[in-house]
Amino acid sequence: MNKDLEHKFVTELQDNQNIVHKVCTLYTNDRDSHNDLFQEITIQLWKAYPKFRGDAKFSTWMYRVALNTAITLYRKRKRRIDTADYESIIFRIKAEEYDETEELQLKLMYKAVKQLNDVDKALVFLYLEDKNYAEISETLGITEVNARVKMNRIKTKLRTILNP
Amino acid sequence: MTDELELLKRDWQKKEFDVPKLSYEEIHKMIWKKSSSIVKWILIISILEFTVPHLLYLLPSMREGMEIYDKIGISKYLLILSGFTYLIAFYFIFQFYKRFKEISVLDNSKNLMKKIIKTRKTVKHYVIFSLSMIMVTIIMMVIGVYLNDNIILAFPELKDSLENISQEKLKITIMLSIGIFGIVLTLAMGGIYFLLYGLLLRKLKQNYSELRHLAV
């Protein structure tokens, strides 16, 4: 029984690991922290897995646990920050798919998003994952109106970061 | 900005992040690793806070130290006080356990943070209570010394060297040293405690107030 559960969990997480990687990318600045956070999210997912019922999609269920771990449970360890190296790998944009202006624009946008605070990042993350405001508000525990207002403020913040 | 965010969204969804994909074995290994979440740390620190002061009494030197209470004639009152302390401590442990059980990663973020802060508050109240009990004990000792008519008897080993000092002077010296020791001890313990938790929960508190103060 337990072995079955383990196998099912690991397989599902392996298939959906991109979501966790995206969260880690937003919330950490170097490869070691990325792996650290990935591990903590995995542990939290596994601990909560017995409560996961098949009525929701596994990926949907993951968002909440992953974000909660990133903004609430995870303790950043003190590390030498090696941002430049890390970002050049993570945010490498395939050149052939974009024209140069777009590529530059995207790079700047990613940089700006990384400067937001934890909660703002969570909103942007859910927005980028195409979640609607009902889902965003439910995940974070705020009202839908607040989520919209907050999102508008974030857009203003990003604009200020990009055009100081 | 909306356009740029839309552009980002398109890119984001297309993106296979350029990090090494983890294998089945790697993920499988991870699920048995120990969590280092702040909830776990709160649990560990709290258990220490509940147990360490009581373990101290098991040390022989501490037990010998207890004899002093007998000598200055306050042990009866201290016994009543410690009975009361244990009762309150059990109440706090029960409360803590109840709150701790309520913490779930499946809750929404705001509730999760709220519950962690509430759990921590239980421990905070316990620590404030413990520190006040130390202060009460110290005050009782000071009063005990004050009311004692033959304080030299409490320190037989120092009898010879104390003979030249007047009873009055000796009393004041002892009362002062107990008082100062008590205040320093309480401040140090309180300081360590609040520093520890302050550091541990700084990020969480920031994020919580960010979610709470969404004035429209």
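Below is a table of values for the structure above.
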item	result
Some residue of region B:142-150 being modelled with pLDDT under 85, among the β-branched types (V, I, T) and in a helix (DSSP H, G or I)	yes
Of all residues making up region B:95-112, the number that are facing chain A (nearest Cβ under 9 Å), of a type in the set (K, R) and either out of contact with any Leu (no Cβ under 7 Å at 6 or more places or on another chain) or loosely packed, with under 14 Cβ neighbours inside 10 Å (or both)	0
Some residue of region B:175-184 being assigned to a helix (DSSP H, G or I), modelled with pLDDT of 85 or more and within 30 Å of B:K205 (Cα to Cα)	yes
The lone exception for B:W12 - which of (1) modelled with pLDDT of 85 or more; (2) surrounded by 19 or more Cβ atoms within 10 Å (Cβ to Cβ) it fails	(1)
For A:N35: the one exception among (1) facing chain B (nearest Cβ under 8 Å); (2) within 18 Å of A:V10 (Cα to Cα)	(1)
Which listed residue, of A:K107, A:K76, is surrounded by fewer than 20 Cβ atoms within 10 Å (Cβ to Cβ), under 18 Å from B:L204 (Cα atoms) and either more than 8 Å from chain B (Cβ to nearest Cβ) or modelled with pLDDT under 80 (or both)	A:K76
Every residue from region A:17-39 that is surrounded by fewer than 18 Cβ atoms within 10 Å (Cβ to Cβ) and within 16 Å of A:L67 (Cβ to Cβ)	A:N18
Region A:1-16: number of residues that are assigned to a helix (DSSP H, G or I) and surrounded by fewer than 20 Cβ atoms within 10 Å (Cβ to Cβ)	11
Any hit, region B:207-215, residues being part of a helix (DSSP H, G or I), at pLDDT 75 or above, hydroxyl-bearing (S, T, Y) and closer than 30 Å to B:E49 by Cβ	yes
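The values are calculated or read from the model by the stated rules, or taken from the named source; none is laboratory data. Given the structure is predicted, the values throughout are model-derived calculations rather than measurements. All Cβ positions, glycine included, derive from the backbone under ideal geometry; neighbour counts span all protein chains shown.
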